[in-house]
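Report on the following structure.
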Amino acid sequence: MRIANAEVIVTSPGRNFVTLEITTDDGVVGYGDGTLNGRELAVVSYLRDHVVPLLIGRDPHKIEDTWQYLYRGAYWRRGPVTMAAIAAVDVALWDIKAQVAGLPLYQLLGGASRTGARAYGHASGADLPELLDSIRARLDEGFRCIRVQSGVPGLGMVYGVTSTDVRRDQEANGRHPVPVEEIWDTGAYLRHLPGVFEAVRNEFGPELPLLHDAHHRLTPIQAAQLGKALEPFDLFWLEDVTPAENQEALRLVRQHTTTPLAIGEVFNSVVDYQTLIREQLIDYVRSAVTHAGGVTAMRKLFDYAAQYQIKSGIHGPTDISPVGMAAGLHLDLAIHNFGIQEFMPHSPATYDVFPHAYTFSDGYLHPGETPGLGVTVDKKAAAEFEYQPAYLPVNRLRDGAMHDW
């Protein structure tokens, strides 16, 4: 068997998605997700111009060798564009291998370690009544774990917060040729948030698992203050409390709070985690299969984390396509140190483009029993949605200085 063709598919049914389709000389087709929000076309060019020509004629079963060939052979290693492109190839090859074996992918990864993957949903509101209504809506949809995001008095738009649940699968704050600029005030946020969680606990009780994402907005000492302030409300995790490029910064946070920490949705390789895992400075690994080199790399990352009792928390927003979501779910089912899976359901239009076998019921996801990933691409439907430039917002402080978000 040899790779006969590789095609990059770009579609935008509410969000922009980049998909790699690999076809073997005997007609087996595999799919991989290469979506990189706000930088999608960089991955498209990397794949079309630099990777696809290297794939034709290769043995699709040599997944590890192909991964090393693309990673070590390029000289310029790592980075989100490179690793998203490698992930697209890797996942497509695993899809092919599992289809040839006649098995769902998780069976090739060692079989199921659980009956389903516990998932958390997103709830948010500009004010407390909207937030409580959003939590009730997620519970009604079957979620049993909830991420809580709140507006901050005196600020306008805050990323991750919407006043309606209608825009689930749309670009944040709509589509714009340049990023929307939001105003941020860390002091106001730190003063407001503990009261939000107190109100949520009073309304929904102590047993509902609650999560929160700080979106990298805090310094290490501010992150420590927030973690300590939220301890009475028993969070499942506090996510991305500070930019973690400086991995040692988490030592300070860890010294001051027992609130569990989740880090890594913007990381793209095991190198980004070395200190965090070795020194047990985090509790959950947040990378997505799509952004961190595919199934091959993520399985190794989770095996490394398992040595330190650190669990998975795979990134699962709507700018990860159903292809990338399915790849994460097969890993979730197979690995022993699974923690939780983020799940933002896509729009009906997205699911029309990406027919899939995975299901969600009563708080749990399952990748299904279809051989391979269990996701295909309807190219006719995909062609109806042309790429549109879209960007995540940026943050500025009240004095106009750029800030992390």
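The values are calculated or read from the model by the stated rules, or taken from the named source; none is laboratory data. It should be emphasised that the depicted structure is a prediction, and the values quoted were computed from it without experimental measurement. FYI the Cβ positions are ideal-geometry reconstructions off the backbone, even for glycines, and counts take in every protein chain you see. Surface areas here come from the heavy atoms of the whole protein model, side chains and all, with no ligands, DNA or RNA. Shrake-Rupley method; radii C 1.70, N 1.55, O 1.52, S 1.80 Å.
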The range 319-331 residues that are within 11 Å of residue 341 (Cα to Cα), paired with ones that are part of a helix (DSSP H, G or I) (beta carbon under 7 Å, 6 or more apart): 331/295; 331/298; 331/299
Selection within the range 108-135 - within 30 Å of residue 371 (Cβ to Cβ) and free of Cβ contacts under 8 Å to residues at least 24 places away in the same chain: 108
Qualifying position, being free of Cβ contacts under 8 Å to residues at least 12 places away in the same chain and either polar (S, T, N, Q) or open to solvent by less than 30 Å² (accessible area, probe 1.4 Å) (or both), among 359, 370: 359
Qualifying positions in the range 4-29 - assigned to a strand (DSSP E or B) and surrounded by 24 or more Cβ atoms within 10 Å (Cβ to Cβ): 11, 17, 18, 19, 20, 22
Every pair of residues 6+ apart whose Cβ atoms lie under 7 Å, when the first sits in the range 136-157 and is free of Cβ contacts under 8 Å to residues at least 24 places away in the same chain while the second is open to solvent by 70 Å² or more (accessible area, probe 1.4 Å) and among the aromatic types (Phe, Trp, Tyr): none
Residue check, residue 342 of a type in the set (Asp, Glu), at pLDDT 95 or above and surrounded by 15 or more Cβ atoms within 10 Å (Cβ to Cβ): yes
Scope the range 259-273; condition more than 12 Å from residue 285 (Cβ to Cβ) and in a helix (DSSP H, G or I); matching residues: 271
Qualifying positions in the range 246-297 - within 17 Å of residue 77 (Cβ to Cβ) and either over 20 Å from the mean Cα position of the chain (by Cα) or among the charged types (D, E, K, R) (or both): 272
Close pairs from the range 377-405: first touching a residue at least 40 places away in the same chain (Cβ under 8 Å) and closer than 29 Å to residue 214 by Cβ, partner part of a loop (DSSP other than H, G, I, E, B) and hydroxyl-bearing (Ser, Thr, Tyr), Cβ under 9 Å, at least 6 apart: 390/12; 392/159; 393/159; 395/159; 404/242; 405/159
Only one of 279, 231 that is open to solvent by 10 Å² or more (accessible area, probe 1.4 Å), of a type outside the set (S, T, N, Q) and touching an Asp or Glu at 6+ places or on another chain (Cβ under 9 Å): 279
